[in-house]
Each structure stands twice: as structure tokens, then as C-alpha cells.
Amino acid sequence: MRKIILLIIVIIVIIIAVVLIYKSIPKLNLLTGYASKNANSSIYIANRLLDSVSLNENNFSPIRLSKTKLDDEAKITTSSLYGLKPRKALFREGLGSVLINDNFDIKVKRKTPKRDNKTKMLPYPYGVLPCKDTLYSEINYTKLNKVTDGFLNDYTAQNQTRTVLVYYKNNIISEKYAKGYDENSKTLGWSIAKSLLSTVYGVMSKEGLIDINETNLFKEWENDGRSAISINNLLQMNSGLEWNEDYNTISDVTKMLFFEEDMGSFQMNKILKHEPNTFWNYSSGTTNLLNKIMRERMEYYQDYLDYPYSKLIDKIGMNSMILEADMNGSYVMSSYAWATTRDWAKFGILHLNKGNWNGEQIVEESWIDYLTTPTDTSNGEYGGQFWLNKEGLYPDIPKDTYYASGYQGQRIVIIPSRDIVIVRTAFTKDEELFDFNTFVKDILDCIEK
């Protein structure tokens, strides 16, 4: 009898273990997928070493539990958890790193964007020469250096400021790097890419490729309420489409980034939960849907690959930038763009100058005004893929402040009334650990109005 009871207990334990493992498979897939993709990008785009990535970029719970192996010849990383659920990521020249599945043929030669990376012998930001040597009487440089050093020195495993750059009146007035980073270090902007996409849309609008008020965007939508969704609704994230943006669970955004071959179509296939323009909902899927529209508006795939670079990125000398693409060959404009801190600052400077770059109007001033106009139902906090301070959410910084914001504390802050751009790149595990209001306020306090 005791043997039978013991056997029953063993069987129950096995069943429970099997159920737990089965339920954990999607989470394991996500964990190892993140580790592999992040390692691959960090190694082959940011030129970091695998050991360094394991100790830094992938050194947080539960990602640190994974182990990553490197095939340097094939430029493939493979991450697993105690040998379970291995995920592979591949680096492709010009297209960045991508998680791949068994159906992906790594031997196929793929088209890549054509770049114009010619350097110009002009002072920064318009060329590679140093800024003009200018001292401003209104700046307390001693205090500013102490403040920016303080952000880098307040460095913990969960809250790391890696780089800070402050640009004021055509000059870099402070530029600081944590140990292991310098002016050549590329960092992942995460959702800063959304603001990049909406600025590219400004070029498309200028060239007549899109009208923000157009509807009936996809044939899959023509027979239901989604046909009423406009490009404006997508840019302002009030389309009403179903979406769950939670990076800590198996949600829509993590499914898209770590499981989907064609990320733009993932949001397109979602149902309509609210009437357009009645409910604001932050959605990385929406941005990739806009990217899908951009690809469909181009006559050839090569035109699509070249467009963001030729019309914006290379135009303003962001030569370090790499946009990463999914398995379908579409840019992941919600999340995957890499650049140096100085090049991220150039993007902010373009906006500070109302879309003008050294005399050339890249996007119309009216488009910059559009991007910084609050969308309905966002409580004044969001515009066209940019975050706003119109309602004074951050009480100690000007209300005309707007910023591109990325996961883990990436920021490009534009303050037109103070003629300033501030860039922070970081690893902040919990956004609540980073006091954005104090960060900007302390820098502004170093400059007399």
C-alpha cells in the first residue's frame, strides 16, 4: 500500500512539473530570445565583447540566468537556459541583428540600404570638426560639470546613466561618458525610434507620399470599423486597435519583438476595441504598422530600405546609425535603432531648429508643430510619437519641453524656449528609479535665463 501511495505521489509531482514546464515555455522563449538578440546587437553593432554584455547589458533578472554562445564566423549568438529553449540571433550587414527561426535561410543574400556616409569638414553638428570654441557668461560650467558627473557617478546595477550630452546655442557645453563608453559608442535607443519614424513621415508628407487624414489604409480593414482609422490616428496612438504594451509579461509587444517574422502585420490583424480618436493607448505595434505603410508606398523594396537614410538620417550626418530589420526585411521602427550619443543629439538639434538643417528644410516647420501638438485623450502628454510636457507633468521644467523616450531610460530632450537639447543613454531597470524632472531641472539650473 505504501508503495502505491508513493507511486501516486511521484506521478502527481511529475504531472505538476510537466505542467509548470509547459506553462513556462513561452517565458523561456522570451527570456532566451531577449538575451540572444541583445547580445548579438551589442556585439556586432556596438562592438562590445560577449563577456562584457553578460556582465552589463544582459545582467539583470531573469535575463542573467541565460547563457549565450557565440559563433563569430557566422555572426550568430545562441542563448539558452540550462540548455532549454535555445534562441538564435543573426547579424546581417546593413540590416542589424535579428532573431531567426528554423525557416530562415541564412545563406540567402539580402538587399541592404545604400548609405551616404561622407563626412563634412564643418563644425559639429554639421560636420566632424569640433564645435566653435565659445564660452557663455550665463553658464556656470563648474556647477554643470558637477551635475553631469553626478548623474554618471550615481551608478548602480539597476540604474546606470551611461552617457550625457548637453547642447546649447550651437555648442556642446557638456559631454560625459561612463567607464567603457565614449563618443564612438553606439547605444540602442529603443522607442526613440518611434520619434525617428514620425519625423521620416514628415518627409513623406512633404513629398506627397502620405496625407495624415487618409483612411482605408489596408484592404484587410475595408469591411469593418478599422477602415475609419487614419494615419493621424496611428501617429497619435489613438487608433482604437487592441494592444497590450507590457515588457514584463508575455504581451502583445513582447510577442511582436521576440516571436514575429513580420512585425508590421501583427498590429494590423488586431481588432478594433474603441472608436478611433476616443482612446489613447501606447503601442509599439502601431509604429511598426506605420512602417508597413511606408514600405507599401515605395515602388521597390530598395527604395524603402534607402528612404529613412537618404531623406533624413544621412542628410543630418547620423552616420553611425543602424536601423535593424525583422525577418521580413522591414525596419523595426518601434524599437531597434542604434547610434552614438552625438548622433542622437543631431536628431534633437534638427527638431530644435524646427526641421531645418544647416539651411535645408528637411521637414516643414508645420510638421514639427504637428508632432508637438497633444493628441486627443492623452492628457497633453503625447503628440506625434513624441512625449510632451504641455500640462506640466514635470513641474520644474518648461512646458514647451518635448522628448523622444526609450525603454530603460533613453532620452532626447528638446526645450525650444531654452535653446537646448539634452541626451541621456542608460540602463534603468525600473523607470521609477530615474527622476526625469530633477535630471532636466538640475541641468537647466546651471544656465541663467
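Things worth noting here:
- Cα centroid separation, region 100-157 to region 35-75 (Å): 22
- Put a plus charge on the Cβ of each Lys and Arg, a minus charge on the Cβ of each Asp and Glu, and nothing anywhere else: the dipole of the chain about its Cα centre is then about 1520 debye.
- What the Cβ-Cβ distance of K67 and N47 gives, at R0 = 25 Å and to the nearest 0.05, is a FRET efficiency of 0.70.
- Computed from backbone phi with θ = phi - 60° and the Karplus coefficients 6.51, -1.76 and 1.60, the 3J(HN,Hα) list for region 77-94 is 10, 10, 10, 8, 10, 6, x, 8, 6, x, 10, 10, 10, 10, 8, 10, 4, x Hz; x is used for glycine and proline.
- Amide H contacts under 5 Å for I173, placed H, 5+ residues apart: V166, Y167, Y168
- Under 5 Å between amide hydrogens, built in the peptide plane, is the criterion, and for I397 it picks out nothing among residues at least 5 positions away or on other chains.
- Restricting the trypsin sites (Lys or Arg not before Pro) of region 42-131 to loop positions (DSSP other than H, G, I, E, B) with no more than 16 neighbouring Cβ atoms within 10 Å leaves K107, K109, R110, K111, K114, R115, K118, K120.
- Between N153 and K354, the simple spin-label model (points 7 angstrom out along Cα→Cβ) gives 4.1 nm.
- Alpha-carbon centroid distance for the pair region 227-289 / region 327-369, whole angstrom: 22
- Taking other Cβ atoms within 10 Å as a rough exposure proxy, I443, I210, I43 sort from fewest to most as I210, I43, I443.
- Rounded if a/c under 1.5, otherwise prolate or oblate - region 50-204, Cα gyration tensor axes: oblate
- Potential lengthening of the chain between E220 and T112 amounts to 36.0 nm, from the contour at 0.36 nm per residue minus the alpha-carbon distance.
- DSSP-loop GluC sites (Glu not before Pro) across region 239-325, with at most 12 other Cβ within 10 angstrom: E299
- Charge dipole (debye, nearest 20) of region 298-343; +1 at Cβ of Lys and Arg, -1 at Cβ of Asp and Glu: 220
- Farthest toward the positive end of the dipole of the chain, out of N170, N437, L95, is the Cα of L95, where the dipole comes from beta carbon charges about the Cα centre.
- Acute angle (nearest 10 degrees) that the helix 141-153 long axis makes with the longest principal axis of the chain, alpha-carbon atoms: 0
- Residue-averaged [θ]222 nm for the chain, counting only DSSP H segments that reach four residues, each worth -39500 (n - 2.57): -10000 deg cm²/dmol
- Charged side chains reduced to their Cβ positions (Lys and Arg at +1, Asp and Glu at -1) give region 184-235 a dipole of some 340 debye around its Cα centre.
- Between the listed residues T401, I447, G384, the Cα displaced farthest toward the positive end of the dipole of region 344-449, a dipole computed from Cβ unit charges relative to the Cα centre, is found at I447.
- Principal-axis analysis of the Cα atoms of the chain puts helix 192-206 at an angle of about 60° to the longest axis.
Here, each number is a calculation from the coordinates, and none is a lab measurement. Bear in mind that the values here come from a model prediction, so they are computed numbers and not experimental data. A quick note on method: Cβ atoms are made from the backbone with ideal geometry, for glycine too, and the neighbour counts reach across all protein chains shown.
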